Structure formats: structure tokens, C-alpha cells
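The next block holds one structure in the form of C-alpha cells; read it before the comments.
Throughout, read-outs are computed from the coordinates displayed, never taken from laboratory work. Keep in mind it's a predicted model, so treat the numbers as computed, not measured. Quick reminder, even Gly has a Cβ in these numbers, built from the backbone with ideal geometry, and neighbours come from all protein chains shown.
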Amino acid sequence: MTKKLLVILALVLGSYPILAQDKTVSGTITDASDGSPLPGVNVLVQGTTSGSQTDFDGNYTIDASEGDVLVFSFLGMKSQSVTVGSSNTINVSMEEDASQLDEVVVTALGIKRKEKTLTYAQQTVGGDELTNTRDVNFVNSISGKAAGVEIRKSSSGPGGSTKIQIRGSKSLSGDSSPLFVIDGIPMVNNRGGQPGVWNGVDQGDGLSQLNPDDIESMSILKGANAAILYGSQGANGVVVITTKSGKQGTATVQVNSGITFESVIETPELQFRYGAEGGAKESWSYTKGDYGDNYVEEYFDTGEQYFNSVSVSGGNEKTQAYFSFANTTATGITPGNKYGKNNLTFKQSTKLFNDKVKVTSNIILAQEKTDGRNRAGYYNNPLTGLYWFPRNLPFYKYKDNYKIFDAARNLDVMNWDEVIGGPDHLQSNPYWLLNEESQEDKTNRVITSLNIEYDITEHFKFQVRGNYDYAVKEFDTQRRAGGNTTTVAANGNWLYEKYDDTSTYLDGILTYNNTFGDFNITALGGATYQKTVFADGVRVNPPAAQNQLAYANEFNFNNLLGPPVQIESSPLLDRREKQSMFANVTFGYKEMLFLDLAGRNDWASTLALTGNDSYFYPSVGLTVILSEMFSMPEAISFAKIRGSFASVGNEVPYNRIFPRHKINADKSVDFNTTRPFTDAKPEIIRTSELGLDMRFFQNRLGIDFTYYDINSQDQFIEIGQPFEDYTSFFVNAGEITNKGVEITLTGKPIVGEDFNWSTAINYSRNKNTIVELHPDTQEIGQGGSEGVRVRLVEGGAASDIYGFKFQRDDQGRIILDDVSGRPLKTGERELLGNAEPDYILGWSNTLNYKNFGLNMQINGKFGGIVVSQTEALLDGYGVSERSAVARDRGYENINAVQNGSAVTQIDPFTYYDAVGGRNGIDEAHTYDRTSIRLAQLALSYNFKISQWEWLKNSSVSLIGNNLFYFYKDAPYDPELSQATGRNDAGIDNFNLPSTRTIGLNLNLTF
């Protein structure tokens, strides 16, 4: 493999001609406005492939001959051409280009537009911002860098999925995740399995399979206004990823190599001085003992992540190419958790037929494998046995001898039953689970695309694009005989799944651009075709009672216990086809007034035979550049107001119109019990948006303000009531609103010759309201854990969490039982709060002093609640530190009343046995979600070795993620999510503890 890569590298490097030159020209490029150096300026010998770029200090070196013309170009600056004379030094001062006053950004369908012409909110995150602290899943790096975007990270370890939500939840039953797009083409970002209350693992997502070093930038289109050209797929916003391309000039090789170390920030506060009595499994003795060290902290490893990538970029005026290879390997904080990923990318653009035709091809290969993914929930989770182990027993005995030989069966069995007095389905020996129960998943993926652009005339251009995304996924779970007898069959269990995800996409777009005096018109029209088939495959022996083996611990198809062997199609199977037509036209007047009109019509297969499979949605937007229209004070550099409205349809999920019967492996049939949804209509999401963007003091200070109002109607709701011959039916009903504000402040407080400081603050606040549901349903359940439930209730909000509270009198005192003295809980679940934060704040800072650089990201989420089932069980088992503190002093403080008399002290067991456990009083374990943390830190040094002229740029960085909290209320990280594919965020059920990473990264450019 290494030899092949070296051959490819040599071919790419050797494919560009080396031109003999007479002398070396050098110089410094500066900004005419303040004299500061300009890094990254392109320097090209006109008419050749010989090129260079300025370094961090604005310096460049290039070989040229007298009479050659050097072309200096930089985004936002006027290009300059200078003829080489007798001098070997050419310094250039570049002026701002008014025509490029606003940054060119990538919008829907990969179309580039000047930012000042946009009628909607959009933010761009640079590729370097996604990689400067090296997170295995780069999407986590977006957190705090874009207003209105909320990120929730999975607690499953390396390669886990990430939930991203823009401007709140918009669907009662569907997913509110945005669409992800690569170079203008929608990509597949399916999540695998998701953990639940009882067990399961997070199986990652499509984004985690990409190579972040291939990303040039990421544009976040926040509302349906911005994403309407993607139709219903863009109803929840769009994240447009632009990948790196080859650049004209001599070949450039870039090498990135990094290592980070991951450690646990905090474990639950546990006690190790009170044990169990009378053979009980709960540590509720009142007699102190010396039970040794905190073996819980010793359980966790220091994780290691290694990142290595190399890319080659170059080309001439006709052809440019980009090639990269990346390898990522990681070990998690739990023993045996391993992750590996390989990426290979090749992208090439070629101009043909007198530059009228441009052909761009791209191929991305990804290979991902994970062993021992971390589990969540109760069953088969090492953390339950680890945390609950009776404190008076010798833990290391069961660690070092986690299995014992059973002579009667002639095999090893788990050494644990005597710890808990018999089988307990909620806990097992953690080291048995780590060593004897394996979990492996693999993904092989290929994404190919072809883009052909034809410049028909000066004003007309036509392009056609095609994309094919194919992934093979394999999941293998093996549970050996001798494990927990309540969850593992006598001879063991085997669950095997293998399926494909495929996506085919085609589009054709005709664009027109012309200027008539003071007026400009830009228009486009096109059509798309997309077909997706997800989870197309089989799983073997899916039910827990049947996925067992005939002979112990032989995991192969011949050993599956029948008859018959249970083989079924994946229950996640999803087939869709969509055809669309769209148009967009922008009218401009004197670069001060822009009117944007857009429309799209979709034909969706999931609405076939309803009469509603064709649906149209429009968008209109207006931008006024006030600073061009009126004379402004000198302090105001730029001012614009914008407004837009869009109405977008959201198609019904797969298999809703005519739900199918299920044929089982034994030929029995599970008949569908849901009435066909033959009159289904698409959900309708209407978005209104107003914004103000201003720049001050020659663009040193900026503010972007946006107010939005999103109304989602005709939701897909399942009513669990008999109807004709069915037990349930679907309706279009319900209404959700999201109203909020987004504010982004940007500034350059210090701009100097040696020291520069730029900063950005992102603030967002969203208010979600469930305006109505349906007359036949009072609430919709969305998951939960034990007594805790996530419910959608009319008048409430998405992510409202319900649970049992203390019964209280009119003075707010807790009511105790008249006889037992136990705290009483409410008869029904009541609203505990909402899991979503009231507002989100992100503060980014970049400081540069000479060759030193510092990047820092501080993130805060304020308000909202989280509920911990973990803490409830720790109390119930008597292993929480607070339960021991109460025993130390002989009582727990309480503000209560019993038989009309005030009570201020209560027996510790009486209190914690009532509030803790699986169905205790949830209010006692509800916490404020507020947290403020140092999310990212990168301290870098850029160096140049004068003797190595071939080394263009180099830097070494000390990097860190999630380093520490400035403030938090919860006894664990409230931002970790058990599952990212459901709407039950805010509930903790034996998730892994939060971690920090610290490491080094080296970047070399040749």
C-alpha cells in the first residue's frame, strides 16, 4: 500500500513541468490600508504554471526572468501585474477591491454569490476552524461558531455521531437535522443504531467518515429561505461543504500530523466507606469501613488519537488536481474501544474546447472500523456493575478473575452472581463485558461525482452534475455463553447485520447573468432527480429470545439455533425517489438593491397515489444596501437591511401511505395495524426573516442581527386509537412555531505590524411552542427513561421533560408519609422543564504575535434542564457520595411536613430510597443545563528554516478540546447525549463521563 501511495505521489508531483528561470525574485506583499502583511497571496508568472504564495509574514519567493509578468491576486483585493526588471526585489501594496467588498460565499446548489447580495442569514466556517484542535468528528468543532446552531455530541467515544439542529425543532414526528451538501450535491448522513433506555450503541454517522483536511469551508444556510432550492430536504437548513481543489501553479504538498490524549474530566461522586449488609447488593450499611481506592477511576484508560494526512495540489491554466490520503486511529477511554479510518480523495478539473467546457471529477473513498463501541442504558453496560459494586467486597478479585471455569459445562462463566446474590438483569461484571462480549462495525464508502460546465455565451452557462454515494455497513455483536443469564442465552447470542446505503443524484442547471445599465439580472433554472435506498440488507436472528446458538460460542451461520433461522430484511429499510424543477432570479439595481425570487416543485414517491405528490413552494427576499443608497457617517463602512419569506413542503416519511405487512422467516405474517395514509399532504414550513448587517471603522467592527419566525403546519401525527379495522391512523395536523434572534459581533480590536487580534461573538435565542396537536390526542411521547418522559403537549414545547415531583403543601414543603416518613411523589408526571437552552453563546478569539498564534473558543449554553437516571440509581444503591455524607452526620436535611408538623431532618435511607432507584422522584435528580466551558484552544508557532527553501510554511501547535468548565450545575456534562437520532435529549442513563483532549499537531507545506 505504501509503495502505491509513493508512486501516485511521484506521478502527481512529476506531472507539472519544471521551468528553467534566470533568477529568483522575492518581496513582501502588504495591505495598503494599514501596511500589515498579507499571507496567502497568489503569485504567478503570467502564462506559465510557475507560482508561489506569500507566507505568514507576507513574504514570497519565485523564479522568473526579466520581462516576465508577475500577477498578484488575493480575494477582496485588486489584482496587480508587475513586470520583472533588473531588480531582484518586488514589493507590492494591494488595495481593497470595491467589487469584492463582501466576501464571496457558497450558497445553495454550490452557487457562489457576493455575501452583500444575500437576502437571508448565512455563516461560513473555514476549514482550518474545523481542524485546528483535531476532533475525530469534525462537526463537533462547529459548536459556538455559528449563531442559531446547536451541537450535541454523542457519549459513545471515537467515531460517534453528532446531532446538529438549526433554529429549533420543526417536526413533531420527523427529524429536524439539516441537509448536508458536498460541492453542491446532497450527501447521505444516515445514523446507524442508537442506544435506548435499556441498551444499545451509537453507530456513528456519515459525516464522521469524511476527511476534515479535505474541507475548504462550510457554509451554514440557516433557514428555508436560504435553502429553498434544495426543496423539502432543506426545510431544516443546509450545511454546504466545499472541498479543496487543485490550484494553478507549482505543486504544493501539505502534511498534517497530530496526536491527542483523551482523559476523563470527572466521574460521578461516589462513596467507598459504606458497604452492603446481609448479602444485599445495595451499599446501605451504616457502619463505616475502609474499602480501599477508587477503582472506578482506575477503570478508565487514557485514550489516544492519531491523525495523519498528506495532500498534493497543483496544476496549470488548463488542468488542476488535488489528491489526499488520511489515516485516523484512536483508542477510547474504555478498555478495548478502538477506532480506525482511512480516506482517499482525488479531484481534478480540466478546461476543454478553448476553455468553454470545464469538467470536474471527484472521488472520495472512506473505510471505517470500530471495535468495542461504548454502550449506554442498563443492559450489558459495564458502568452499572462498576458503579454499583457493593463497597465491602473485594473488587479486584472480580476484576482479575472476571471469569471462572464451569466444569459441568466445560466453559468459562462470568464471576459475578455471588456479588449480587443471584442474576440481575441490570448489571454484570464490567470486565466480562469488555473481554467476552464483542461489538464490531465496519463501513466502506465511495462517493463519486462528475460536473460538466459549458459556457454557451458570455451570459449563458449550462452545467450538468451526477453523483453516486454507496456505503456498505456491517455490524457484528457477539455475546458469549456464561454471561448474564437474564440477557444472554445458554450458548450465547449473535446478532449480525449487513446492509447498503445508496444515493443517486442528477441535476442540470442553466444560468444567465447580464447587466443593463444600472440593472443586473442573475437567473437560473434546472431540474433534479434523486433516488435513495437506505438500510437495504438483512439482519440475522434479531429478537433477543431467538438470536441464540446451538453450540456454545461458535459464531457462524451454521450454528444459529432454529428451526428456522431468523433472517429478516432490515426494519430500517427506506426507499425514496424525487424529481424536482426549480428556478431562481435575482434583480440588482446599482449594487444597492437586490430582489430575490425562487420557486421549486417536487414530485415525491413517498406521497404517491395521494394526489398530493406534487407540491410547489416559493421564496421572496429583498436586500437594501443603505450605505450605497445614502450618505453615511464616516464611522459606518457598510449597512444593509434584508428580509425574506419562504414556504417549504416536507415530504411524508417512507412507508406511511400504504404500510406493508411483514413476512417473517417462519413464513408467518405480522399484519399491518395502521390505516393507510392515502390523503397525506406534505408538512408546510413557512419562514419569515428580517436582518440588519453593519460594518464600522473600515470594517474593523461588524454586527449581523437576524429575527426569524418559523411556522410548521400539517405535521404527521399517529393517533393511537381504533379506526375501522386498524388500531391507529395518521393525520396531517399540529402546528409548531420557532421564533428567535441571532446576533453575531465581529471585531479586529488590534491590527498591528507584529500583533493582531480578531474576535467573534455568536448569540442565539429560540422560543419553541407547540401551538396545537389534534383533537384526538392530548400528547405525543418521544422517548424517556423509567419515570422520565419527553412529551409533546399542546401549549408546551419540543423537548419538554416530564417526571414525578415531590408532593408539597401550600408552603412548598415536601409532604412525608404519615407512617413511614418517606417523601411522597405526585400521582402523575408533571413538567420538570425543557431540555433546550434558553440561549447559546460562543466566543471565538484569534491572536497573532509575530510567529505565534492563539485560537480560543469559549462556549456557553444557558437555561434548560437535564435529568439523570444515573444519579437516581446511585442514590438508590447507596453508592453516591451524598448518601454517605448524610450517613456521616446521621441525617439528611429536608424542608418537609409530616402529620402537620415541620420536619427538617430525615433518615438517609428513608430519603434516598424514596427519591432514588428506577422509579423514584425525578425532581430530585433534575439539574440546570447551564454550562460555560473552554471548548477549544490551539497555541501555534509558525517557523521557517532558511536553509530549507523547499519548505514553504510550517507550524507546530499545542491543541486541546473541552479543557475545563468555568461553570456548570449538573454533576456531569449536560451537553453529552445518549442518542443523537431521537428527541429525548436531556436524559442521562449511564452515559460515559465527559472527556478532555490535549495534544500536538504539526503542519508542513512544501
Inset, instruction - Give me the net charge of VAL533's neighbourhood, meaning all other residues with Cβ under 9 Å from the Cβ of VAL533; Lys, Arg count +1, Asp, Glu -1. - result: -1
Inset, instruction - Just subtract the alpha-carbon distance of LEU951 and ASP293 from 0.36 nm times their residue separation and send over the number in nm, one decimal. - result: 231.7 nm
Inset, instruction - Calculate how many DSSP beta bridges within the chain are antiparallel, expressed in % of all such bridges and rounded to the nearest 5. - result: 95 percent
Legend entry - Gap separating the Cα centres of region 159-173 and region 461-480, nearest whole Å: 21 Å
Inset, instruction - Starting from the Cα-Cα distance between PHE462 and THR83, subtract it from 0.36 nm times their residue separation and give me the gain in nm to one decimal. - result: 132.7 nm
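Go through 209-215, 306-312 and give me the packing order, highest mean Cβ count within 10 Å leading. Could the numbers behind the result be given before it?
Numbers: 209-215: 24.0, 306-312: 19.9.
Most protected by this proxy first, the peptides run 209-215, 306-312.
Give me the percent relative contact order of the chain, please, defined on Cα pairs under 8 angstrom at least 6 residues apart. If you can, show how the numbers build up before the last one.
Details: 2864 pairs, mean separation 108.5, N = 1006.
Reported as a whole number, the value is 11 percent.
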Legend entry - Reach of LYS170 by Cα under 19 Å, taken over lysines that are not fewer than 8 positions away in the same chain: LYS222, LYS681, LYS739, LYS767
Legend entry - Largest to smallest principal axis extent of the C-alpha atoms in region 460-525, angstrom: 83, 21, 11
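Report the calculated FRET efficiency for VAL104 and ASN601 (r = Cβ-Cβ distance, R0 = 25 Å), to the nearest 0.05. Write down the numbers at each step before the final one.
Working: r = 29 Å, r/R0 = 1.17.
Computed FRET efficiency for VAL104 and ASN601 comes out at 0.30.
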Inset, instruction - Check the straight Cα-Cα distances from LYS805 and name the aspartates and glutamates below 13 Å, setting aside those fewer than 8 residues away within the same chain. - result: GLU828, GLU830, ASP922, GLU923
Inset, instruction - Hey, could you grab the Kirkwood Rh for the chain? Inverse mean 1/r over distinct alpha carbon pairs, Å, one decimal. - result: 31.2 Å
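Distance cut-off 23 Å, Cα to Cα: go down the list LYS850/LYS944; LYS23/LYS318; LYS153/LYS369 and report the pairs above it.
Details: LYS850/LYS944 12 Å; LYS23/LYS318 26 Å; LYS153/LYS369 19 Å.
Violating the 23 Å Cα-Cα cut-off are LYS23/LYS318.
Rounding to the nearest 20 debye, state how big the charge dipole of the chain is about its Cα centre with +1 on each Lys and Arg Cβ and -1 on each Asp and Glu Cβ.
On the way: 88 positive and 119 negative charges, 276 e Å.
Dipole magnitude for the chain comes out near 1320 debye.
Based on the mean of other beta carbon atoms within 10 Å per residue, what is the order of 568-580, 592-604, 219-231, most packed first? Please report the intermediate quantities before stating the final value.
Details: 568-580: 16.0, 592-604: 19.8, 219-231: 27.9.
Descending packing order for the listed peptides: 219-231, 592-604, 568-580.
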Legend entry - Value of [θ]222 nm, deg cm²/dmol, for the chain, DSSP H segments ≥ 4, -39500 (n - 2.57) each, nearest 500: -2000 deg cm²/dmol
